[in-house]
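K.L.:
First, the structure itself, so that you have it in front of you.
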Amino acid sequence: MDLGEADRIVTFYSRDVGKIRAVAKGVRRTTSRSAGHLEPFTLSDVMFAVGRELDVISQADTLEAFRAVREDLVLTTHAYYLAEMVDLLTEDRMENRAVFDVLVDGLRDLESAVSSTDAEARLVLIVFHLRLLEALGYRPELRECVTCRVAIEPERNQFSALLGGVLCPGCGPRESTARSVGTSVLKLLRFVQHNDGRRSVVVPAPVARDAEVLLRAYAEHLVERRLRSPALIARVQEASL
């Protein structure tokens with residue numbers, strides 16, 4: 001966020017402190033030495049000087065630039081998705097190293113997805129969603145009914161964002177917030193959750209889309225607002241066709 005004539009307030013997610021907002025002095029000047037190290041979606045080593053209301057950035061050095069992500073407009077919108085999720089689901093100065101690791105891994109996965117299909121890019125979002133929700137204590141229940149606790153079988157199951165998991169065919173129709181979830185979508189979500197997203201899998205585009213939409217609805221329920229980045233992704237993808 002711009003501040004004054006040449007400054008900017010930058011939001012970081014740090015390994016040791018969690019989310020931090022700090023002032024980057026003079027970073028909007030063309031002569032600024034630190035501007036390149038404070039680009040969005042950059043992993044940097046940053047030093048802060050303690051201020052009254054906001055800390056001030058005194059030094060920044062790039063560790064990983066994720067240049068391939070920032071130079072690809074579609075991947076850039078996906079990176080905004082990751083950042084928006086972390087920003088909305090975390091509080092300032094609440095350390096959570098697992099969240100930091102999930103965010104960095106997500107950016108690395110996006111960088112590996114250059115020239116990939118839409119399904120492969122969506123898979124990065126699915127893995128990120130499930131790992132982030134796990135790190136924050138919002139792991140969705142995918143293996144047993146959240147109401148009666150019966151094991152979920154490949155039948156006409158439903159998912160409730162309000163209840164945080166899958167409902168069996170017997171309980172689903174009685175829950176007004178439940179929506180149908182396909183067997184292939186549920187299998188994908190279970191696979192990613194069980195393997196922590198570290199094993200590759202080929203996913204049909206419709207299945208990846210439906211899985212990402214389900215997880216997005218769950219996240220939007222948690223933050224009580226709509227995410228803005230999915231609409232941005234859709235506009236950019238339409239423009240690139």
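The values are calculated or read from the model by the stated rules, or taken from the named source; none is laboratory data. Just so it is clear, the model here is predicted, and its values are computed rather than measured. Here Cβ is always computed from backbone atoms with ideal geometry, including for glycine, and neighbour counts include all displayed protein chains. For the accessible areas, the whole protein counts, side chains as well, though only heavy atoms, and no ligand, DNA or RNA atoms are used. Shrake-Rupley method; radii C 1.70, N 1.55, O 1.52, S 1.80 Å.
K.L.:
Please report how far the C-alpha centroid of region 183-241 lies from that of region 54-70, rounded to the nearest whole angstrom.
P.N.:
28 Å
K.L.:
In a shell of Cβ-Cβ distance under 10 Å around Arg226, excluding Arg226 itself, what net charge do Lys and Arg (+1) and Asp and Glu (-1) give? Please report the intermediate quantities before stating the final value.
P.N.:
Details: positive: Arg216, Arg225, Arg228; negative: Glu220, Glu224.
Net of charged neighbours comes to +1.
K.L.:
Would you mind checking region 77-108 for residues with the amide N under 19 Å from a putative spin-label position 7 Å along Cα→C-beta of Glu64?
P.N.:
In region 77-108, the label zone of Glu64 (backbone N under 19 Å from the point 7 Å along Cα→Cβ) covers 77-87, 96-108.
K.L.:
Show log10 I(q)/I(0) for region 69-145 at q = 0.11, 0.12 Å⁻¹, two decimals, from a solvent-free Debye sum over equal Cα scatterers.
P.N.:
Values, matching the q order: -0.30, -0.35.
K.L.:
Averaging sequence separations of C-alpha pairs under 8 Å and six or more residues apart, then dividing by the length of the chain, give the relative contact order as a whole percent.
P.N.:
On the way: 363 pairs, mean separation 38.2, N = 241.
Over the chain, the number comes to 16 percent.
K.L.:
About the Cα centre of the chain, what is the dipole size in debye to 20, counting +1 per Lys and Arg Cβ and -1 per Asp and Glu Cβ, all else neutral?
P.N.:
On the way: 32 positive and 35 negative charges, 63 e Å.
Charge dipole, the chain, about its Cα centre: 300 debye, nearest 20.
K.L.:
Against the globular-protein guess of 2.2 N^0.38 Å, express the Cα radius of gyration of region 122-196 as a ratio, rounded to two decimals.
P.N.:
Values: Rg = 11.9 Å, N = 75, 2.2 N^0.38 = 11.3 Å.
In units of the globular-protein estimate, region 122-196 measures up at 1.05.
K.L.:
Something else now. With all protein chains present and a 1.4 Å probe, how do His129, His194, His37 order by accessible area, largest first?
P.N.:
Sorted by accessible area, descending: His194, His37, His129.
K.L.:
At each listed q (0.15, 0.17, 0.20 Å⁻¹), what is the log10 of I(q)/I(0) that the Debye formula gives for region 154-230 modelled as equal alpha-carbon point scatterers?
P.N.:
Taken in order of the listed q values, log10 I(q)/I(0) reads -0.55, -0.71, -0.95.
K.L.:
Hey, another quick one. Roll a 1.4 Å probe over the protein chains and send me the accessible area per residue for the chain in Å². Let's see the in-between values first.
P.N.:
Working: 13420 Å² over 241 residues.
Result: 56 Å² of accessible area for each residue.
K.L.:
How large, in percent, is the carbon and sulfur part of the accessible surface of the chain at a probe radius of 1.4 Å? Display every interim value, and only then the final one.
P.N.:
Details: 6540 of 13420 Å².
Carbon and sulfur atoms account for 49 percent of the accessible area of the chain.
K.L.:
Go ahead and run the numbers for FRET between Arg28 and Gln237, Cβ-Cβ distance against an R0 of 45 Å, rounding to 0.05. Provide the component values of the computation, followed by the final result.
P.N.:
Numbers: r = 30 Å, r/R0 = 0.67.
The calculated FRET efficiency here is 0.90.
K.L.:
Measuring from centroid to centroid over Cα atoms, what is the spacing of region 131-152 and region 16-38 in Å?
P.N.:
First find each Cα centre; the distance between them is then 39 Å.
K.L.:
If Rh is defined by the Kirkwood formula over all Cα pairs and Rg also comes from Cα, what ratio Rg/Rh do you get for region 2-44? Don't jump to the answer; show the numbers that get you there.
P.N.:
Details: Rg = 10.7 Å, Rh = 10.9 Å.
Reported Rg/Rh (Cα atoms, Kirkwood Rh): 0.98.
K.L.:
Note down the nm distance, to one decimal, between modelled labels 7 Å out along Cα→Cβ at Leu43 and at Arg156.
P.N.:
Distance between label points: 4.7 nm.
K.L.:
Once ligands and nucleic acids are excluded and a 1.4 Å probe is used, how much of Ser200 is accessible, expressed in Å² to the nearest 10?
P.N.:
Ignoring ligands and nucleic acids, Ser200 comes out at about 120 Å².
K.L.:
Regarding region 7-81, what are the three Cα extents along the principal axes, ordered largest first, in Å?
P.N.:
39, 30, 19
K.L.:
On to the next question. Based on Cβ point charges of +1 for Lys and Arg and -1 for Asp and Glu, what charge dipole magnitude is obtained for region 113-174 about its Cα centre, in debye rounded to the nearest 20? It would help to have the intermediate numbers written out before the result.
P.N.:
Numbers: 7 positive and 7 negative charges, 37 e Å.
That gives a dipole near 180 debye.
K.L.:
Just the accessible area for Met94, please: 1.4 Å probe, Å², rounded to the nearest 10?
P.N.:
120 Å²
K.L.:
Which one, Ala161, Val114, Ser44, projects farthest toward the positive side of the charge dipole computed for the chain from Cβ point charges (K/R +1, D/E -1)?
P.N.:
Ala161
K.L.:
Given a Förster distance of 30 Å, report the FRET efficiency between Arg226 and Tyr138 from their Cβ-Cβ distance, rounded to the nearest 0.05.
P.N.:
About 0.95, to the nearest 0.05.
K.L.:
Starting from the Cα-Cα distance between Ala6 and Leu73, subtract it from 0.36 nm times their residue separation and give me the gain in nm to one decimal. Could you put the intermediate results ahead of the total?
P.N.:
On the way: separation 67, 0.36 × 67 = 24.12 nm, distance 2.62 nm.
Computed gain between Ala6 and Leu73 is 21.5 nm.
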